[in-house]
Amino acid sequence: MKFRAKSTNIENIHQFTNVINTIHKILKKCTLRLTPEKMFFILPNQITNGGVSMWCELKQENFFDLYQMDGISEEHNEIYLEIVAENICRALKSSQNAKSLKIKLTKKQVPCLTFEVELPSLLSSSRVVTHDIPVHVIPRRLWGDYQEPEMPDFHVCLCMPPLAKLKNITERLKNLSTYLTISANQKGDMTLKVETELVTAKTSFQGLEIPEFDEDSQAPSKLWPEDEFASARIDIRKFSQFLSGQQINPYKVICNVIHDSAIHFFIVHDNLSLQYLIPVVRC
C-alpha cells in the first residue's frame, strides 16, 4: 500500500484543516477511506457510538495538487485506516501559514500517517514540521462495515436556520435538559423543545426554505400531511457537537426528520458533502 498527497495552495490547506476540525468536534475516532478519486471520513452506525453515524466525502482534486495511492490490490484499490481525529488536528495546527502540506502513509514501528508542514523562514532554507500519527490498517474482510449509508426514508425535509443562531439557542437549552425534541413540517416550520418536570422551553422558526426535489430523486413521504409535524427526541449533546464543529461554511444544511426515529443532517458545500445522523432517545 502506498499513499501520498501534497498541497501548495494555502486556501486549500485552510479548507482541509477546517474539515478536520469539524470532524474532530463531532467524534474522536473515525475511519479514513482512501480511493484514487476521493477521501472519506466515516463513523459507521454502531451501538458503541450511541447509534450516531457520519459520512464525509472529499474530492481529492479540490484539496491537493498531488495525490497518489496504491491500494491493497488492483482489484481492491483502496485503503482503510482507523485514525484519531484529534491527532490530525494537532498536526495541522502549524499549517496556518504553511507553504505546503504533505501527507504520506509511512511505516515506523507501526503504520503512520506522516504530516510534513513546510513553513516560511527568514533564511534561505525552509522549516519543516513533521508529525507521525499512528494508524490502524483495517483489513479487507471488514470493509463492508464502512460503506456509504443509504439515504433514510424521511417524512419532512427543510433547510436549517443559521447554525450560529442554533448553536446559541442549543447551548442555553442544554442547561435545562439532556434531550431535545426537533419538530418540523413541509411548510417550513421548525421547533426546538426541551421538557422536564419543572420546565418546558421552546424556540420556533417559520418560513424556512424547502429544498426542491427532482422527480427521480428521493423526496419526503407523500403520505405525510404537509402541515403535520414530524418529530424526533435526540441527545442534545450530540446535536451541540454537530453545531459546534461547523467551520466549513456550508451554503446550507438540510435537515431530514424521520418521525420518532432519527434526525439526518446533510451539509451542502462545493468541495465536500457531509452526512450526520442522530437516532432518537427513547423515554
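The values are calculated or read from the model by the stated rules, or taken from the named source; none is laboratory data. The structure displayed is predicted, hence computed values, not measured ones. A quick note on method: Cβ atoms are made from the backbone with ideal geometry, for glycine too, and the neighbour counts reach across all protein chains shown. Surface accessibility is based on the protein's heavy atoms, side chains included, excluding ligands, DNA and RNA. Shrake-Rupley method; radii C 1.70, N 1.55, O 1.52, S 1.80 Å.
Step by step: first the residues of region 82-119, then only those that are open to solvent by less than 10 Å² (accessible area, probe 1.4 Å) and over 22 Å from ASP65 (Cβ atoms), then the one that is modelled with the lowest pLDDT. Which residue is that? Here the residue is ALA85.
Among the strands (runs of 3 or more DSSP E) contained in region 1-76, which hold 2 or more residues that are touching a Lys or Arg at 6+ places or on another chain (Cβ under 8 Å)? Per the criteria, 2-7, 38-43, 53-59, 66-70.
Filter region 136-150 down to the residues that are open to solvent by 80 Å² or more (accessible area, probe 1.4 Å) and assigned to a loop (DSSP other than H, G, I, E, B), then identify the one that is farthest from GLN96 (Cα to Cα). Ranking the qualifying residues of region 136-150, first place goes to GLU150.
Of the set (1) farther than 23 Å from ILE42 by Cβ; (2) of a type in the set (Gly, Ala, Ser); (3) free of Cβ contacts under 8 Å to residues at least 60 places away in the same chain, all apply to ALA91 but (1). Annotation: of all residues in region 167-205 being of a type in the set (Ser, Thr, Tyr) and either under 18 Å from PHE242 (Cα atoms) or in a loop (DSSP other than H, G, I, E, B) (or both), the one that is most open to solvent (accessible area, probe 1.4 Å) is TYR179.
Please determine, by comparing only the residues of region 244-283 that are assigned to a strand (DSSP E or B) and without any contact (Cβ under 8 Å) to a residue 40 or more places away in the chain, which one is farthest from GLU195 (Cα to Cα).
Step by step, filter region 244-283, then rank; the result is VAL268.
GLU75 fulfils the conditions (1) open to solvent by 80 Å² or more (accessible area, probe 1.4 Å); (2) touching a helix residue (DSSP H, G or I) at 6+ places or on another chain (Cβ under 8 Å); (3) farther than 22 Å from ILE13 by Cα except for a single criterion, (2).
Given ILE133, ILE210, which one is open to solvent by less than 70 Å² (accessible area, probe 1.4 Å) and farther than 30 Å from LYS99 by Cα? Even if it seems obvious, please write down each step before you answer.
On the way: ILE133 fails: farther than 30 Å from LYS99 by Cα.
Being open to solvent by less than 70 Å² (accessible area, probe 1.4 Å) and farther than 30 Å from LYS99 by Cα holds for just one of ILE133, ILE210, which is ILE210.
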